[in-house]
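Remarks on the structure that follows.
The values are calculated or read from the model by the stated rules, or taken from the named source; none is laboratory data. What you see is a predicted model, and the numbers here were worked out from it, not measured in a lab. Here the Cβ is made from the backbone with ideal geometry for all residues, glycine too, and neighbour counts use every protein chain on show. SASA here: full protein model, heavy atoms, side chains in, ligands and nucleic acids out. Shrake-Rupley method; radii C 1.70, N 1.55, O 1.52, S 1.80 Å.
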Amino acid sequence: MRRVAPIAALACAALLLSSCSAVEDLFDRGEAKPTSIGPQTPPAGMEGTEEFYAQDLKWTSCDGGQCAQLTVPQDYAKPDGETIKISVLRVPAAKKSRRIGALVVNPGGPGGSGVDYARAADFIVGTGVRQRFDVVGFDPRGVGRSAPIDCLSDAELDQFLGAEQTPNDAAEEQAFAANAKGFAEKCGANAGPLLGHVSTVDAAKDMDILRARLGEEKLNYLGKSYGTYLGATYADLFPRLVGRFVLDGVVAPDLTSAEVNLGQAKGFETATRAWAQFCIDKGDCPLGGTVDGVMQGIRDFLTEVDQTPLPKTGDTAVSELTEGWASTGIASAMYDEGMWDALVEAMRAALQGDGTDLMGLANSYADRQPGGGYSGNIMEVIYAVNCLDKPESADIAEHEALAKASLTEAPTWGPFLAWSSMACGFWPVKTDRSSEPPKKVTAEGANPIVVVGTTRDPATPYEWSVRLHDQLAKSSLITYDGDGHTAYMRSNGCVDKPIDEFYLKGTLPQDGLTC
């Protein structure tokens, strides 16, 4: 699974955006308005990028705000070489006379669209923050509108996502490995030279050029899910340029690939057990009358679907609901307890032989349109980023051992996650950092950073927020005792108010605050 936030799909559904198409042209409406801001000196580590720090952004009226394109080097080791364009959207502060500055936001992924996220500014930050900050989002390199990575056709991606996800014998393991290898090889053949330059470090460097061209001396930032990894990486590279930072639903940069997989497996196990109790409390739960019974019911259902896929999906492009699609649909609902009712009814229908609703949940997770076609490229770029950030092994025996070991703590989700990153073992490009171990981030010299963790978060377990908080030189931890993925702006004033005060006044929330 590896994906830490299906934010692009959920933003469309939950925030009622008018459009979330990654191919929509946002840059052809209205008259260009250049922003003349004096050039800034590139910070240490960004030598040779002076021209990028001196560029003027040309803002154009577009759907939901003002759009611009930021020019950055394709390869920071060769800043005088090829360049790419990063798509940016700014929603100006509602009260311009009291404007504090710009707040850059990232929704997660990797592969979530910051452009779409910023367009939902009224929903993703508090009212006071919205009034006094320009909310700015960008599609990171390789994502959406920013030189997008494209590895597979839509039909090939359907096949990849619907294929066997939990191999049960040697023949299935070989087939799984071949599928993973085929995906990696097609990325190498089709994605172009940018494939080796979409790491989180590369995106963090782009973010600093954006900071400078927004006219900000320091970066104010809201990162959720994978966006916390991006933010922590930025803080590690440029600690003196950290402004007011909130990292919500943490992916700690020092986690290994195996730790990410097991941590997510345990997180989804915890979240699914909470959903199981919800299903029971709702009455007439189709999977059983106890939490353990419901969990066993899910596993039995997935085993049956693996052996005999459901022929009814309501989707002309996907004729069968396979174990892969069914697992994705169930996982999708774990991100937001507002989707739990839908999962109960989808499982009721699936157990009666109709997989249409469960396929619909899977579509929402994959940013996929009913009947085929993807509105974004998150299901491809997630591998492109993760495989550069956290190299993997292609050894079948190693993945098999991790899958078996995970059964003790995560019998429902462990094997699914343990196998999920195998494509990275075959990845066609490496970076200088590929042989380096994951790095702890202390951000020594940075302003205090606010870290937020949710106790039953499925995708970014609470322990990861504690882990980063303990590593950072200066930070304050907010704990949300609840369900779902991330906490800020999810209808809990105890979380929202201190974060809003932090952005508006610079007042650091009480460390250890529990909501």
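So in the range 78-145, what percent of DSSP beta bridges are antiparallel if you round to the nearest 5?
45
Counting each DSSP H run of 4 or more residues in the chain as -39500 (n - 2.57), what helix-only mean residue ellipticity at 222 nm follows after dividing by all residues, to the nearest 500 deg cm²/dmol?
Here the helix-only value at 222 nm equals -12500 deg cm²/dmol.
Calculate the dipole size of the range 58-124 relative to its Cα centre from +1 charges on Lys and Arg beta carbons and -1 charges on Asp and Glu beta carbons; express the result in debye to the nearest 20.
Once rounded to the nearest 20, the dipole reads 480 debye.
If you average the C-alpha positions of the range 197-241 and of the range 371-385 separately, how far apart do those two centres end up, in angstrom?
23
Roll a 1.4 angstrom probe over the protein heavy atoms and tell me the percent of accessible area of the chain that is carbon or sulfur.
49
Alpha carbons only, please: Rg and Dmax for the range 358-515, in angstrom.
When restricted to the Cα atoms of the range 358-515, Rg and Dmax are 19.1, 54 Å.
What is the sum of charges, Lys and Arg at +1 and Asp and Glu at -1, for the other residues whose Cβ falls under 11 Å from the Cβ of Thr41?
In short, -2.
Once you list every other residue whose beta carbon is under 10 Å from the beta carbon of Ile449, what net charge do they have if Lys and Arg are +1 and Asp and Glu are -1?
Summing Lys and Arg as +1 and Asp and Glu as -1 gives +2.
What ranking of Asp236, Asp134 comes out by heavy-atom accessible area, probe 1.4 Å, highest first?
From most accessible down to least: Asp236, Asp134.
Would you please give the residues with an amide H less than 5 Å from that of Leu103, counting only those at least 5 places away or on a separate chain, with H modeled from the backbone geometry?
For Leu103, the qualifying residues are Asp134, Val135, Val136.
Considering only DSSP beta bridges whose two residues both sit in the chain, what percent are antiparallel, to the nearest 5?
45
Within a Cβ distance under 12 Å of Lys224, other residues only, what is the Lys/Arg minus Asp/Glu net charge?
-1
Just to confirm the filter: which GluC sites (Glu not before Pro) across the range 79-167 are DSSP coil and have at most 12 other Cβ within 10 angstrom of their Cβ?
Answer in residue order: Glu82.
Could you give each residue of the range 302-309 its phi-based ³J(HN,Hα) in whole Hz, using Karplus coefficients 6.51, -1.76, 1.60 with θ = phi - 60°, and x for Gly or Pro?
With coefficients 6.51, -1.76 and 1.60, one gets 5, 4, 5, 5, 4, 7, 9, x Hz.
Just the accessible area per residue of the chain, please: how many Å² with a 1.4 Å probe?
In whole numbers, the chain has 37 Å² accessible per residue.
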